[in-house]
1. With θ set to phi - 60°, apply the Karplus curve 6.51 cos²θ - 1.76 cosθ + 1.60 along region 145-160 and write out the HN-Hα couplings as whole Hz, x wherever there is a Gly or Pro.
2. With a cut-off of at most 14 other beta carbons within 10 Å, and DSSP calling the residue loop, which trypsin sites (Lys or Arg not before Pro) in region 75-169 qualify? Please list them.
3. Which Cα, out of Y181, Y109, A150, lies furthest along the positive dipole direction of region 85-203 (beta carbon charges, K/R +1, D/E -1)?
4. Could you tell me which GluC sites (Glu not before Pro) in region 133-203 are loop residues by DSSP with no more than 16 other beta carbons within 10 angstrom of their beta carbon?
5. Taking a point 7 angstrom from the Cα of A78 along the C-beta vector, which residues in region 37-64 have backbone N less than 17 Å away?
6. HN-Hα J couplings of region 189-203 from phi, Karplus 6.51/-1.76/1.60, θ = phi - 60°, integer Hz, Gly and Pro as x?
7. Give a residue-ordered list of calculated ³J(HN,Hα) values for region 83-93 (Karplus: 6.51 cos²θ - 1.76 cosθ + 1.60, θ = phi - 60°; whole Hz; x for Gly, Pro).
8. Only Cα pairs within less than 10 Å get springs; with that Gaussian network setup on the chain, which residue of T22, T61, T135 has the largest fluctuation?
Amino acid sequence: MWEARYRTPMEHDHTATAATETATRARTRRAILDAAVTVLSAHHGASLADIAEAAGVGRTTVHRYFAERSDLVAALGADVRERLHEATVRARVDEGPAPEALERLCLEYFELGDRLMLLFDVPQFLTWAGFEDETDSDRVLVRLIERGQAEGTIDAEADAEWLQNVLWSLLYAAWMQARDYGTARHTAISSCLHTLRKATAAS
């Protein structure tokens, strides 16, 4: 007859300790990645020591998580890809008219500006972070634009990939406007969406 196996107090304590250590490692890793975005955005040549100081950890701790600078950049790239995927899910790109879905997607992507600006501002970061090829977000954008063109809600005479590049360019301009010129974030994204509507409107 099968009998349920219950953990002993010692086993329970060991499991709880392991879970705590895992959570602590995850928080430390997140702190390092967040600090890297902040520090590298201000100074592209910043060292791991600079990042460690900003994260509030020792340099050896950073090296324990990321042995080389390239490992850290690759981790940043993976983090951005994950965040882009989550943002795409939140935007519900398959729901409603394509122009509305496109605007929801822009709003979600705008919130990732600090990370995406870092990758776009330093060309080699794109390669190190694994962004040299077409990404899932690029494919989602093109499919969404093509859906709008088929529906008659997005300009069918414009090339879908061209409109995709226009969208990224508008987002980049909005990020720069907020970061470099002190424009309020809501004003920057409003301007981005206003121009996007005009650029993609069906004639």
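1. Values per residue, Gly and Pro as x: 4, 5, 5, x, 5, 5, 6, x, 9, 10, 3, 7, 7, 8, 5, 4 Hz.
2. Of the trypsin sites (Lys or Arg not before Pro), the ones in loops of region 75-169 whose Cβ has at most 14 other Cβ atoms within 10 Å are R92.
3. Y181
4. For GluC sites (Glu not before Pro) across region 133-203 that sit outside H, G, I, E and B with at most 16 neighbouring Cβ atoms in 10 Å, the list reads E134, E157.
5. Answer for this model: 37, 62-64.
6. Using θ = phi - 60°, the values come out as 6, 5, 5, 4, 5, 4, 5, 4, 4, 5, 6, 10, 4, 5, 7 Hz.
7. Couplings: 5, 4, 4, 5, 5, 5, 4, 5, 6, 6, 5 Hz.
8. T22
The values are calculated or read from the model by the stated rules, or taken from the named source; none is laboratory data. Source: prediction; values computed, not measured. Cβ sites come from the backbone with ideal geometry, for glycine too, and all protein chains shown count toward neighbours. Just so you know, the surface numbers come from the protein's heavy atoms only, side chains and all, with ligands and any DNA or RNA stripped out. Shrake-Rupley method; radii C 1.70, N 1.55, O 1.52, S 1.80 Å.
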